[in-house]
Amino acid sequence: MKKTNKIWTIISFEYITRVKSKGFIISTILGPLFLITIILVPGIVAALSMNDTSKKIAVVDDTKIIVDRMIEISPKTFEKSNKSIKELKKDVLEGKIDAFVHIPVDVFEKLNVTAYTPGGGGLAYLEKIENNVTQLVREKRLLDNGFDEKVIQLVQSQVNVNSIKVTEKGTQKDYTEFYSIFGYVLGFMIYMLMFAYGGIVMRGVINEKVNRIIEVINSSARPMQIMMGKIFGIGAVGLTQVLVWITVAIAISFASSSILPMILNNSTSNLPAGASGSVSGLPFDIPPIPIGVWVAFLFFFLMGYFIYSALFAAIGSAVDQEEDAAQLQTPVTMPLIIPLLFMPAILGNPDGNLAIILSLIPFFSPIIMTARIVATSVPFWQIATSVILCLLTLYGTIWFASKVYRVGILMYGKKPKLKDLIKWVKLAK
Amino acid sequence: MTILTVESISKSFGSFKAVNNISFDVNEGKIFGLLGPNGAGKTTTIRMITNIISPDEGSVSILGNKMDSNQQNLIGYLPEERGLYKKTKVIEQLEYFGRLKGLNKKEANEKAKYWLHKLGAYGWENKKIQELSKGMAQKVQFASSILHNPPFMIFDEPFSGFDPINTELLINVLLELKNEGKTIILSTHQMYQVEKLCDEILMINQGKKVLSGNLREFKRNYGTNHLVIEFSGDKSFLQNIPKEQILDYSDNRAEIKLKNFEQSQEILKMASAVSQISKFEIVEPSLNEIFIDIVEKMNLHSNGGENEKN
């Protein structure tokens, strides 16, 4: 009874003093604004930029027959040029044109054209050039070999792929791209939250140690109660913040289907028809987000938070000041950062072996499994396995941390190394 | 009645033996002085009593029960190194520390206000610790250690950071607590306060018990062998006394450690032959001198021991 009281007292103190703080209120408000900004701004910029800054590509056509057809197909992209290659290179460097293409006379035999670009700018328009020129060269070669125009049209006809996602409820429009990005966003959020709240736990432990508060508290409660009280209390702060954000996110995704399109359509109504990909003016629509995604997000956030915050608490207990923590932190921050490096590969193929294996490694699961759950339908056994592995790891990190913490909080004066921490674990009975 | 029993506790940190087989009892309603030079093992001993760390060997019991998390509520502890949350309001920390000792929020709030009032710190409730001076923070810390009204209190250097007025205030509070029947362990280097306040003492050095018992008895047993003589005239009589016995001397005053009572009479005769005596008094040595005497002897001894090993 008294034990529970003490841990509750610690949890409520940690929670209330932090939730009341300015830092919490500010980060709770600014967090979603920041997220909305990073999600919406590229979309808006892309939508607006279609108007004026789409790539202009000059074409120097030595065959004299291809360029007119290219302009016919993409009048907004290509323009005919009679300048010399030397002059055009200068124009590219000075930014007068975005790029130019040189089509040599022997293109029909050698099948080679050259594009000159200032570098960067995406592969999309190179592909466009390739497609255009290929089509025209193929046409000419077929004609030269005596094929009928009808046959040529048959050969040239394009097939459009309409991507449809199959679910148990039936078929629906595929939002693969959106879910990939959203998976990345949620995975990244978990990364940031684990880092931020793990850091808060660490600084809280250091603060109590540096200001010698720990000795007072320790004469009232057991080290395990103090450490777990702090982890739970600060975790509750994180949970509060995330719940506020999810509520806002659900409200926004609801609003976006009704309010956002009106706003965006007003501002982008001067765009040429069909310039934007969807009704809302964004490069993609916002599809409904299943409630299971939010549950997984919350669960893996808490799981990751507990696994890592225990380790952060152990580090905090070992050092005398925050500056000394940097060296000890590396083994903890590395597994936090690694999943981010793999994220593009994983979201490119969320059902591949790499994705499956990485998402089952408990130190990576919180970020990668969350991203996968958003991006694809993860088989149940994989989720169950990662949950079990995470729980076992959680037990392990808390066991380790509580041993280090007990010794660390009363240890002053020397800057410990990782092997000292391991020694303490062996020391603590 | 014994409130605290410490039975042969030992604690090592690596190869360093911080506390080596120490036993003692503390009786109810007494002020018990825990003395020893820096690094003697006082803090480690206190940490074992307060259950902050567990002894490697031996045991601590309070009111007959073995020390554990619940017994911690019976203790009020003021650590030597003060610890308060700098950015938290005075009243919030006091409530928190009170609740950690088993009070509910209302009780903690009332007791906090009571003690702030008593210590002359009323009106500070909503200040943050970082706004307070060292002495002010000290009062808050003291209040935090006893607001749950424990029967047993441990104060480690409670006077540090206080001016003479606040020291006097604190002494009165300690005596008041004693009169209420509380038991207090006082650990301090201020021997003057120990002589004034303590009934019993335990002195440790290098992790071991040096002596313990009733302070008055102990001082008596240590010998009423201190001669203070004040005179005017010739001080040549001092040359007849072995040098190691003269603790201090000037042109008209000397402090001499006597071998026995007879020696005092010899000195009196020699002195009165050559000079006029204005004061001749045989006194108990001060605790300060005893302390220095014992520690120096022990350290000399142990250094000698180490040299022998080398």
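Here, each number is a calculation from the coordinates, and none is a lab measurement. Treat the numbers as computed from the prediction; the structure is a model and nothing was measured. Glycine gets a Cβ as well: all are built from the backbone with ideal geometry, and neighbour counts include every protein chain shown.
Placing a pseudo-label 7 Å from each Cα along the Cα-to-Cβ vector at A:LEU243 and B:LYS87 gives an inter-label distance of 2.4 nm.
Placing a pseudo-label 7 Å from each Cα along the Cα-to-Cβ vector at A:THR117 and B:TYR114 gives an inter-label distance of 8.0 nm. For the listed peptides A:9-19, A:136-146, A:312-322, B:188-198, a ranking on the average number of other beta carbons within 10 Å per residue, highest first, reads A:312-322, A:9-19, B:188-198, A:136-146.
Counting residues in the protein assembly as shown as N, plug N into 2.2 N^0.38 Å and put the Cα Rg over that result. Mind showing how you got there, number by number?
Numbers: Rg = 40.5 Å, N = 739, 2.2 N^0.38 = 27.1 Å.
That ratio works out to 1.50.
With R₀ set to 60 Å, the beta-carbon distance separating A:VAL105 from A:ALA384 gives a calculated FRET efficiency near 0.40. For the range B:2-220, relative contact order (Cα pairs under 8 Å, six or more residues apart, normalised by length) works out to 30 percent.
Say a paramagnetic label sat at a point 7 Å from the Cα of A:GLU322, along Cα to Cβ; which residues of the range A:12-35 have their backbone N under 18 Å from it? Only A:18-19, A:21-28 pass the distance filter. Across peptide A:220-229, the mean count of Cβ atoms from other chains lying within 10 Å of each residue's own Cβ comes to 3.
P(r) tail for the range A:57-156, what percent of Cα pairs lie past 18 Å?
Working: 2360 of 4950 pairs.
Of all Cα-Cα distances in the range A:57-156, 48 percent exceed 18 Å.
Taking only the alpha-carbon atoms of the range B:224-283, what semi-axes of the equivalent ellipsoid follow from 5 times the gyration tensor eigenvalues under a square root, in whole Å, largest first? For the range B:224-283, the ellipsoid semi-axes come out as 16, 12, 11 Å. With a 10 Å cut-off around each Cβ of B:51-62, the average count of Cβ atoms from other chains is 2. Counting only the Cα atoms, chain B fills a convex hull of 173 Å³ per residue. Computing Rg and the Kirkwood Rh from the Cα coordinates of the range B:49-115 gives a ratio, Rg/Rh, of 1.04. Legend: mean number of C-beta atoms from other chains within 10 angstrom of residue C-beta atoms, peptide A:143-156, equals 0.
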